[in-house]
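A.B. asks: Before anything else, here's the structure in question.
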Amino acid sequence: KQEVTQIPAALSVPEGENLVLNCSFTDSAIYNLQWFRQDPGKGLTSLLLIQSSQREQTSGRLNASLDKSSGRSTLYIAASQPGDSATYLCAVNYYNYGQNFVFGPGTRLSVLP
Amino acid sequence: DTAVSQTPKYLVTQMGNDKSIKCEQNLGHDTMYWYKQDSKKFLKIMFSYNNKELIINETVPNRFSPKSPDKAHLNLHINSLELGDSAVYFCASTLSGRVYEQYFGPGTRLTVT
């Protein structure tokens with residue numbers, strides 16, 4: 001069964017810290033992996049998408065890496081800010097799942113001022 | 001200039017009723033999705049439509065039926081609503097190809113009483 005897991009489930013850090021969120025997937029045959037942010041009561045905002053041929057993607061203070069062989073992706077957030085507080089979701093597009101994504105349960109991040 | 005829009009944002013109804021949620025995207029995408037996010041915040045795919053054809057239908061009760069009048073719209077009809085249908089429903093879209101980057105709507109919070 002193709003699954004996606006994320007650890008930790010929740011994380012609380014003081015402002016200014018660098019942090020890493022982890023995403024694991026069960027099959028290395030993927031098209032791509034997408035990281036999202038979800039604020040309470042809101043929809044999902046796409047942060048970064050990494051294609052299967054790529055090792056990492058960067059956007060501002062965010063850096064996402066992909067290691068297909070180990071079935072892992074990490075989202076690195078530099079110099080965290082209170083505005084980064086949200087739930088971060090990882091979604092994987094597996095080969096034999098067509099155009100559909102499997103989502104992880106998310107990591108709830110709180111950045112304390 | 002909203003990319004993916006849903007209506008209504010909130011829907012409160014009684015058990016046994018029939019309701020619809022509408023979704024529209026103006027991104028020129030050819031694939032649209034419906035997801036359900038339950039009380040535990042887990043996001044699961046319900047349907048995806050590509051060029052007006054249903055690609056995959058997860059184990060969703062047949063009380064749920066997607067209807068796509070054209071590539072820009074994918075509506076969700078729900079018959080005989082049950083308490084367990086209470087959740088947030090998200091519409092998303094993407095452009096088919098090797099890179100399926102998804103864009104999400106703001107969500108519809110359905111409460112069945």
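A.B. asks: In whole Å, how far is the Cα centre of region A:1-58 from that of region A:92-113?
C.D. replies: 6
A.B. asks: What are the ³J(HN,Hα) values, in whole Hz, obtained from phi via the Karplus relation 6.51 cos²θ - 1.76 cosθ + 1.60 with θ = phi - 60°, for each residue of region A:72-83 in sequence order, with x given for Gly and Pro?
C.D. replies: Couplings: 9, 9, 10, 10, 9, 10, 8, 6, 4, 10, x, x Hz.
A.B. asks: Residues of A:101-109, mean number of Cβ from any other protein chain within 10 Å of their own Cβ, rounded to a whole number?
C.D. replies: Other-chain Cβ atoms within 10 Å of each residue's Cβ, averaged: 3.
A.B. asks: Turning to a different aspect of this structure: Using alpha carbons only, how many angstrom separate the centre of region B:50-113 from the centre of region B:6-47?
C.D. replies: 5
A.B. asks: Still on this structure, I have one more. Over chain B, with the other protein chains present, what is the accessible area per residue in square angstrom, probe 1.4 angstrom?
C.D. replies: With all protein chains present, chain B gives 51 Å² per residue.
A.B. asks: Something else about it: Any cysteines in the protein assembly as shown with zero other Cys Cβ atoms under 4.7 Å from their Cβ? List them, or say none.
C.D. replies: none
A.B. asks: Additional query: Which residue, B:THR113, B:VAL60, B:LEU81, has the largest displacement toward the positive end of the dipole of chain B when charges sit on each Cβ (Lys, Arg +1; Asp, Glu -1)?
C.D. replies: B:THR113
A.B. asks: Students often get this wrong, so check it: of A:LYS1/B:LYS41; A:LYS68/B:LYS71; B:LYS41/B:LYS71; B:LYS36/B:LYS67, which have C-alpha atoms separated by over 26 Å?
C.D. replies: As for pairs spanning more than 26 Å Cα to Cα, those are A:LYS68/B:LYS71; B:LYS41/B:LYS71.
A.B. asks: What is the mean number of Cβ atoms from other protein chains located within 10 Å of the Cβ atom of each residue in peptide A:43-53, rounded to a whole number? Let's see the in-between values first.
C.D. replies: Details: counts 12, 11, 2, 5, 0, 1, 4, 0, 4, 2, 1.
That average works out to 4.
A.B. asks: I need the trypsin sites (Lys or Arg not before Pro) found in region A:20-113, filtered to DSSP loop residues with at most 11 other beta carbons within 10 Å of theirs. All intermediate terms of the calculation are to be shown ahead of the outcome.
C.D. replies: Details: sites: A:ARG37, A:LYS42, A:ARG55, A:ARG61, A:LYS68, A:ARG72, A:ARG108; in loops: A:LYS42, A:ARG55, A:ARG61, A:LYS68.
Passing both the DSSP loop test and the Cβ count: A:ARG55.
A.B. asks: If you don't mind, there's one more thing I want to ask. Work out the length of the dipole vector of the protein assembly as shown about its Cα centre, built from +1 on the beta-carbon of each Lys and Arg and -1 on the beta-carbon of each Asp and Glu, and round it to the nearest 20 debye.
C.D. replies: Using Cβ point charges on Lys, Arg, Asp and Glu, the protein assembly as shown gives about 220 debye.
A.B. asks: Same structure, new question: Counting Lys +1, Arg +1, Asp -1, Glu -1, what net charge surrounds B:LEU110 among other residues with beta carbon under 10 Å of its beta carbon?
C.D. replies: Charge balance in the 10 Å sphere: +2.
A.B. asks: Hey, can you grab everything whose amide H is under 5 Å from the amide H of B:GLU101? Only 5+ residues off in sequence or another chain; H modelled, so Pro and N-termini drop out.
C.D. replies: Amide H to amide H, under 5 Å and 5 or more residues apart or across chains, B:GLU101 pairs with B:LEU95.
A.B. asks: Okay, next question. Percent relative contact order of region B:1-85, based on C-alpha pairs within less than 8 angstrom and at least six residues apart?
C.D. replies: Relative contact order of region B:1-85: 33 percent.
A.B. asks: Loop-only chymotrypsin sites (Phe, Trp or Tyr not before Pro) in region B:8-113, please: DSSP not H, G, I, E or B, and at most 15 other Cβ atoms within 10 Å. All intermediate terms of the calculation are to be shown ahead of the outcome.
C.D. replies: On the way: sites: B:TYR10, B:TYR33, B:TRP34, B:TYR35, B:PHE42, B:PHE47, B:TYR49, B:PHE64, B:TYR89, B:PHE90, B:TYR100, B:TYR103, B:PHE104; in loops: B:PHE42, B:TYR100.
Those satisfying the criteria are B:PHE42.
A.B. asks: Follow-up question, since we're still on this one. On the protein heavy atoms, probe 1.4 angstrom, tell me the percent of accessible surface of region B:1-46 carried by carbon and sulfur.
C.D. replies: Reported share for carbon and sulfur atoms: 48 percent.
The values are calculated or read from the model by the stated rules, or taken from the named source; none is laboratory data. Computed from a prediction, not measured in an experiment: that's the story for all the values here. So basically every Cβ, Gly included, is an ideal-geometry build from the backbone, and we count neighbours across all protein chains shown. Areas reflect the complete protein model, heavy atoms only, side chains present, ligands, DNA and RNA absent. Shrake-Rupley method; radii C 1.70, N 1.55, O 1.52, S 1.80 Å.
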